[in-house]
Structure formats: C-alpha cells, structure tokens
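Heads up: the structure comes next, in structure tokens.
The values are calculated or read from the model by the stated rules, or taken from the named source; none is laboratory data. Because the structure is predicted, anything quoted here is derived from the model rather than measured. Positions of Cβ are backbone-derived with ideal geometry, glycine not excepted, and every protein chain shown enters the neighbour counts. The accessibility values were calculated without ligands, DNA or RNA, using every heavy atom of the protein model including side chains. Shrake-Rupley method; radii C 1.70, N 1.55, O 1.52, S 1.80 Å.
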Amino acid sequence: MTMDMILVIIGIILMLVGLFFEIARPDLLVFFTLFFFMLTGVVTTSEALVGFSNEGMLTIGLLFIIAGVFERSGLVERLVSSLLKDASTRESALFRLLVPISAFSAFLNNTPIVVTLTPIVRKWASDHDISPSKFLIPISYASILGGTITLMGTSTNLVVHGLLLDFGESGFSFFTLAWIGLPITILGLLYMIFIGHHLLPNHKSLIEKVRENTKDYLSEMVVTEEFPYIGQSIEEAQLRNLKGLYLIEIIRGKERISPVTSKTIVQGGDRLIFSGMISTIADLQKRKGLQLDTGTDLTLDDIKNGSSQLVEIVVSHQSSLLGRTIKASRFRERYDAAVLAVHRNDEKVQGKIGEIIPKSGDLMLLIAGSDFKQNIEERRDFYLTSPVGDAKFQESENKGWVALIVMLFMIGLVTFNILSIFKAMVITTGLLLALKILTPHQAKTSTQFQVLLLIASALGIGNVIIQTGTGEWLANGLMGLLAPYGIIAILITLYLLTNLFTELITNNAAAVIMFPIGYEVATQSNMDPLGMAVLVAVAASASFLSPIGYQTNLIVYGPGGYAFKDYLKTGLPLTLIVMVTTISIVFFKFI
C-alpha cells in the first residue's frame, strides 16, 4: 500500500463520516474531499475534474430541465387524480397509484413525481378517512423501483453508464437494466399492495396534529390603549426576538397581517398571535398594555384567509437553510412566510423557533403570505407537501403533451441505437426551447446545480480511486477473501456493500465509490463488467431501509410522520426481494 492509497482511504472514510452525520451539505463535503486530493497531489487537476465533463452527469442536467416541463404541465397529477377518484379500497388505491408512478419513474425524474403527488394522495386519504402514512412510503418505493427499468430512470443509472464509458466500455443500452428492473418492480409492487402497507403505521398529518393541539402552538394577546408603543413599529415595540415566542400574525378588525415584518405598525386593539414556547407567554404578559386572551377559541383556520394559508414543507438535503438558524436565514423576509412549528422524527422541536437549525427531512408548518409562491420558485431549499394556491396545473397541458411526444420519439432513437442518450436529450432540450415550450429561465431554475456538483465531484473521487490503484488494491483484498466461496459470495458482498453505502450516504456517491472496486473484481474474475455495473446500479438505487439514502424517501419522511424503524420494518423484506432477484439474474445472464 502506497502513501497515496492511505490518503485516499482516509479521505473517503472522513467523507463518509461527514455525510452520515450531516456535518455539511453533501455536495460541499464531496467537493472538498476531491479538493483535498488535488491539494495533496494524490491526482492531477485534470484527473480530479474528469467528472465535470462526464457524459452521464451532463445527461442528468438535461433531464432535470426536461422533467421540469412535465412537472409544470400537470400531466402526471391529472392522470393519478383521475385514477384515484374511483378507488374504493386501500389495495385498489395502491394498485391505481403505484403502477403509473413506477411507469412514469422509468422515464422521468422521480423526485418531482413524488413531490407533486404527495399532497394529492394526502387529500384523497383524508377524504376517505385513511392515514396518508399507509401510502407515502409505497409511493417512494414505487418510484425507486420504476427508476431501475431504463437508462434514464434515475441519475444513478446514468452515473454508472458514464463510468462505463470512461472505462472504455460500451455502456448501457436503453433497456439493459430492464432485465432486472422489470422483475424487481413487479415483485416489489405486489409486496407493497398486498403485504407492505399492513406494516406501516397509522399517523396523522402535522396539520391535523396542530389542529388538535392548537393551545400548544398558538397564543393570543390583545394590545390595549395603555400600550406605550402604539403607532410604532414591531421592532421599536420590542416584539421581535422574543425568548421562545414568534409573532406570526396580527388580527386588526377584519384585516389580517401575516407574516408580520419588523416595520409593521402596532395599533390599539390589535390581536397578536404568537407561536413557539407558549409556556414563556407569562413574561410577555408583564408588559404594560399587553393582555393575554385566556378565553380565546383561536384555531388554525382562524389564521388562514385569502392572503395567507397553511403550508407544509420538507427541508431538502441540498437546502441553503442547513447549518443556519431560521432567524439567521431571514426566513420571514426571504419567503414571505412565518414558521409555526418544526417537527423532526415525528416530534416537535422544542425551543425558540428562530433559534432552530433546520436539518434535511425536517417538516415545517408555515403561515404563508401572498408572495410565498413567487419567492420559492427559484429555490430548491425545500419540497412542498401541501398545495399552494388554487392552480394545480400551472401551464397548458398541451405543452406537456408536445414535450411527451418529442421525448418518446427521442427515446425511440436511443432504443434503436441511432442516437446516444446524451445527444437525444440535447436535441430534446433544443426542440423544447425552439418550440417555446420551455424558456431559458425555466431551464435554469429546473437545473439542480447542487446535485450536479455532487455527482461531478463523486465521479472525480471515483477516478482518484482508480488512478491511485486503491480500487485494484481493495479488489485484490476482496477477491483473496471471497474467492474460495465462489462468485455468488462475491456478488452478495458487492451488493451489500453498495446498498449499505446507499443507506448511509447517498445513492450516487455509493455507486461511484463501489463501481471502480466492482470493475476490478469483474476483470480479475473474468466476469462481464456490464453485469457488475448492473449490480452496482441497482444496489445503489434500492434504498428502502432509511429516509436519508434516497431523495424520495426523505420527501415522505416528515409528511408521513414516519420513524426510522418504519423504513426498516417495511423496507427489509423488499430489500431482500430485490437483492435475491438481482443477484440471481446477474449470475445467470452475465456470468
């Protein structure tokens, strides 16, 4: 083992620890690990930055843009809404829901599919007196399974495809992964429809919990004529930065002011609505001119009117809110929304709301103002899990249909090897821009640059593993240990290691770390490298045991009120089904 190998192994271990404990955003952690390798001279700059020109990474960027067109068109939502309308039983609803989701996920980015369908499913469940937690994890799992069917089904497939090309291989054809993707999707859906949902809890949504316990979240004070700061701003009246309390709304006669800014003027008779640590309201009550309304029958619906509404969000893993307090991020001014409650692992986060530091997966309940929708359009800080406004379908469905026809035509060209997936997506994006179905501004806002930075940096680290000989050294050790037990033992070990990394960090990082090792193992065992690539791609996508391994699992984590054990209990049988099926098919088809 050389000094370079030691540095690479130490760097990767520290990166994995940082990703697991969420020390910083994943894209930054992976990028700085790559920067560390460049700084120490382990690899040259050109070797480290090879991921930024990788075809798979660039294809993913184009797919973000194309997926944005379908997200805005509302085609997926309308289809699923119409299918759910006639569902009478839970099994029937799951079948009508999961089959189209897995089909769409084979060709579209599954993250926006899960985001847009979550509020629709929750409303249907509420209308039929069924807990939404019986549906949200199945939605996520169905989208993950569907993504394993085609080359463009998930970013992981494209990352592994790009790695194969970098290694001088031919890469995946459009339906190479379908040999495994279709069987595991069918078996997985059958499991979720007939068995899996029975293992899921019956949880209420955060909005319902808050409605039932309004007094734990809201408190009301009346401004009397004795208040010395009448006619002055909220900041001058010292009603900002209160210990454990957050002023979310002022009710002034028939007028409602929400969210409240520091410049809002206080008037006599104002009803001040606070949230946060209600137990500390006694300190505020000592102030002259502020009177606690102990007989208030205030409910959540009372602070919801034409200009403000209740909105649920889930903090994303790439959010700029991570690592800073809600106050420091200037949440109210930035989004025109006030935070009413923050829940983490299905428990209310205690303390002053402004001092809470959000984590990925946190569920927030907001009082959103009229500018909220406009303010969030260009940001990827969180996922909306409740509708904003009345418009379900923001753009003409005709644009969605035209985009669908164009994309299906291009997929046909890719399937028959007339075009590469990258060239097809370049042409598709160009046509959508030329036909004015897509604007340059929409293309920019649809691109998730933090995800692309993560993938490009991870690809660079994968190249570091190869160039330094670390991959070959690890493969030799693995072969020496497992060779006596046969190829099946090697396949099981590679699958389990990849899947473990996926659950602990992220799917793309897991694929990039394990691919070089798997490729070296395939070379030494005279196995088709394509089979090993398929195994790594599926194992990296098959994240069913934790909420942090895959974005869609994180999206439904808070809205479903799930605990970590719910993923383990429901996902373990599915993990075993997918693992056994994948290894069996790889062994008989590619060995």
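Kindly evaluate Leu496 against the criterion of being in a helix (DSSP H, G or I), hydrophobic (A, V, I, L, M, F, W, C) and open to solvent by 10 Å² or more (accessible area, probe 1.4 Å). Criteria met by Leu496. Contact annotation: residue pairs with Cβ atoms under 8 Å, 6 or more positions apart or on different chains, pairing a residue in segment 435-451 that is over 21 Å from Phe382 (Cβ atoms) and in a loop (DSSP other than H, G, I, E, B) with a partner that is open to solvent by 30 Å² or more (accessible area, probe 1.4 Å) and of a type outside the set (Val, Ile, Thr), are Ile437/Lys399; Thr439/Leu433. Taken over segment 541-571, the criterion of being among the aromatic types (Phe, Trp, Tyr) and over 27 Å from His161 (Cβ atoms) is satisfied by Tyr557, Tyr562, Phe564, Tyr567.
Annotation: Gly171 fulfils all but one of (1) modelled with pLDDT under 90; (2) open to solvent by 30 Å² or more (accessible area, probe 1.4 Å); the unmet one is (2).
Those helices (runs of 4 or more DSSP H) of segment 16-74 in which at least 1 residues are closer than 16 Å to Ala510 by Cα, open to solvent by 10 Å² or more (accessible area, probe 1.4 Å) and in contact (Cβ under 8 Å) with a residue 12 or more places away in the chain, considering only elements entirely within it, cover 26-39, 55-73.
For every residue, the table says whether it meets (1) within 24 Å of Gly51 (Cβ to Cβ); (2) open to solvent by 10 Å² or more (accessible area, probe 1.4 Å); (3) modelled with pLDDT under 95.
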position: Ser131; (1), (2), (3): no, yes, yes
position: Pro138; (1), (2), (3): no, no, no
position: Tyr141; (1), (2), (3): no, no, no
position: Gly146; (1), (2), (3): no, no, no
position: Ile149; (1), (2), (3): no, yes, no
position: Ser155; (1), (2), (3): yes, yes, yes
position: Leu158; (1), (2), (3): yes, no, yes
position: Leu165; (1), (2), (3): yes, yes, yes
position: Phe175; (1), (2), (3): no, yes, yes
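Filter segment 425-460 down to the residues that are surrounded by 15 or more Cβ atoms within 10 Å (Cβ to Cβ), of a type outside the set (S, T, N, Q) and closer than 20 Å to Pro112 by Cβ and list them by number. Correct list: Met425, Leu432, Leu433, Ile437, Leu438, Ala443, Val451, Leu452, Leu453, Leu454, Ile455. Suppose the filter is surrounded by fewer than 18 Cβ atoms within 10 Å (Cβ to Cβ) and of a type in the set (Val, Ile, Thr); does Thr502 pass it? It is false that Thr502 is surrounded by fewer than 18 Cβ atoms within 10 Å (Cβ to Cβ) and of a type in the set (Val, Ile, Thr).
In segment 518-530, the residues that are at negative phi and assigned to a loop (DSSP other than H, G, I, E, B) reach residues that are open to solvent by less than 30 Å² (accessible area, probe 1.4 Å) and not basic (Lys, Arg) with C-beta atoms within less than 6 angstrom, at least six apart or across chains, in these pairs: Asp528/Phe590. Taken over segment 30-47, residues that are in contact with a Ser or Thr (Cβ under 9 Å, 6 or more places away or on another chain) and within 16 Å of Leu454 (Cα to Cα) amount to 7.
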